[in-house]
Amino acid sequence: MKVFVTGVAGQLGHDVMNELKKRGYEGIGSDLAPEYAGVQDGSAVTTMPYVPLDITDKEAVEKVLTECRPDVVIHCAAWTAVDLAEDEDKMAKVRAINAGGTENIAKVCKELHENGIKVVLDGVFNHVGRGFWAFQDVLKNRENSPYKDWFHINFGGNSNYNDGLWYEGWEGHFDLVKLNLNNPQVVDHILECITNWVKEFDIDGLRLDVAYCLDKNFLKRLRQHCDWLKQDFVLIGELLHGDYAQWVNPEMLHSCTNYECYKGLYSSFNCMNMFEICHSLKNQFGPENWCRYRGMHLLCFVDNHDVSRIASQLTNERHLPLIYGMLFGMPGIPCVYYGSEWGTKANKSEGDPALRVSFEKPEWNDLTELISKMAEAHKNSKALCYGSIKIPVLTNKQCIIEREFEGERVLVAINADDQPFTAHFDAGCGQAEELLTGTIHDFGGGSELKPYSVEFWKMER
């Protein structure tokens, strides 16, 4: 993830950049000076990428944000000298920075919306960094801090940082201080932040980090607030295991990460066993009453920022276009991780920075072209977006998946073998339009699947 941070010469921007580095995110700092001019303390922010920017210059803001193409903007720049801000000769400058500068950044987000791009932030509500202002107050004032109940603290213990107190960290990581989501003040603070993000930047949703750790009553309150705040505001949770329906329901999340099918996707191709992923899909979305996630739109992926790039996972590189065909053909919301659309490689064993590398510019190759066509086909097909699932043809090396919705049928045909394969089945019609090429497919005499091929057939009826 690429995060653009304004005001890095100040304390807040300085700490945000260091926290991003600590968590393995790519941070780009900005401020007025030609080079970083904040505290020279030798911390990560002093050597991280930096772009000079006057946030009161609308054209400069648009140019820099367009060129950097960040996933997230964290706006820390402001006039913070409170007493001086009240001087009459300073008021225009303060207004230009605090109001005009913020407006400029918000306008860029608006332009993203006008170009059909939704803005979804990564919301980390389970924990904060040790530099978080409320936790710092606890370290300073201990039992007298008004924020002592914002966290899970034992003043009779000690931490790995020798703070003279113990606190609960996320999964044993004591640089990540766990919030007490049963505290109404904490919940109100988080909801106020979300409200401001909607007001200032018109965000469209949140991807909830470690959603499996979040208190379910908190999630219910969050859903109620976001439904009230903005129509079609989406909440997508990071879930690894368990019954997704416990979190994805009308009271909590709209969607979650489908890790259950993630392994099945690459394993089916590496082991040449299409039964694995197809059985998972039928188990999740099939017609039987016991199928668990019918009607849910889970976030499906072949890789992301926490796992090896799919081009490094697959043992046969010719399967790379095919696995994306499966991704765009299966039920759920297909998600493509930046850079993987042109076949970037990276292994988890190399560390998180290798998975989250910064690219100077995007590439465009045959894989990119194909994924673009698949995305267009998916967007324009109700069957692919919302349809039921059947699997009329299934072998170790081939599968044909049928999606149907309101009379529209699309078949996704995959041949993972190096030899052609002729599929014989009742298509229920004579011809289909191949959505990726615009050609006509004739079902008479069987359907020949070329070696290492994927096709999307929109049935004539």
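The values are calculated or read from the model by the stated rules, or taken from the named source; none is laboratory data. If you're wondering where the values come from, they're calculated on a predicted model, not measured in any experiment. Cβ sites come from the backbone with ideal geometry, for glycine too, and all protein chains shown count toward neighbours.
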**Asked** Is it the case that Val177 is crowded, with 19+ Cβ neighbours inside 10 Å, within 25 Å of Lys22 (Cα to Cα) and touching a Ser or Thr at 6+ places or on another chain (Cβ under 8 Å)?
**Response** no
**Request:** Within the range 141-154, identify whether any single residue is without any contact (Cβ under 8 Å) to a residue 40 or more places away in the chain, assigned to a helix (DSSP H, G or I), in the same structural domain as Gly237 (by TED's automatic domain parsing) and exposed (fewer than 12 other Cβ atoms within 10 Å of the Cβ), and answer yes or no.
**Result:** yes
**Request:** Taking the options Val357, Val336, name whichever one is at pLDDT below 95 and not assigned by TED's automatic domain parsing to the domain that holds Glu26.
**Result:** Val357
**Asked** Applying the selection to the range 408-461, what residues are without any contact (Cβ under 8 Å) to a residue 40 or more places away in the chain, of a type in the set (A, V, I, L, M, F, W, C), part of a strand (DSSP E or B) and farther than 23 Å from Leu320 by Cα?
**Response** Ala432, Ile440
**Request:** Would you check if there is a residue in the range 216-227 being exposed (fewer than 15 other Cβ atoms within 10 Å of the Cβ), within 22 Å of Leu281 (Cβ to Cβ), of a type in the set (D, E, K, R) and over 18 Å from the mean Cα position of the chain (by Cα)?
**Result:** no
**Asked** What residue, among those in the range 17-35 that are assigned to a loop (DSSP other than H, G, I, E, B) and either charged (D, E, K, R) or modelled with pLDDT of 90 or more (or both), is nearest to Asp352 (Cα to Cα)?
**Response** Arg23
**Test result for His297, within 22 Å of the chain's Cα centre (by Cα) and closer than 14 Å to Leu208 by Cα** = no
**Asked** What number of residues within the range 2-16 satisfy the criterion of being touching a helix residue (DSSP H, G or I) at 6+ places or on another chain (Cβ under 9 Å) and in a loop (DSSP other than H, G, I, E, B)?
**Response** 2
**Asked** Under the condition of being over 22 Å from Val187 (Cβ atoms) and touching a Phe, Trp or Tyr at 6+ places or on another chain (Cβ under 6 Å), which residue from the range 159-174 is surrounded by the most Cβ atoms within 10 Å (Cβ to Cβ)?
**Response** Leu165
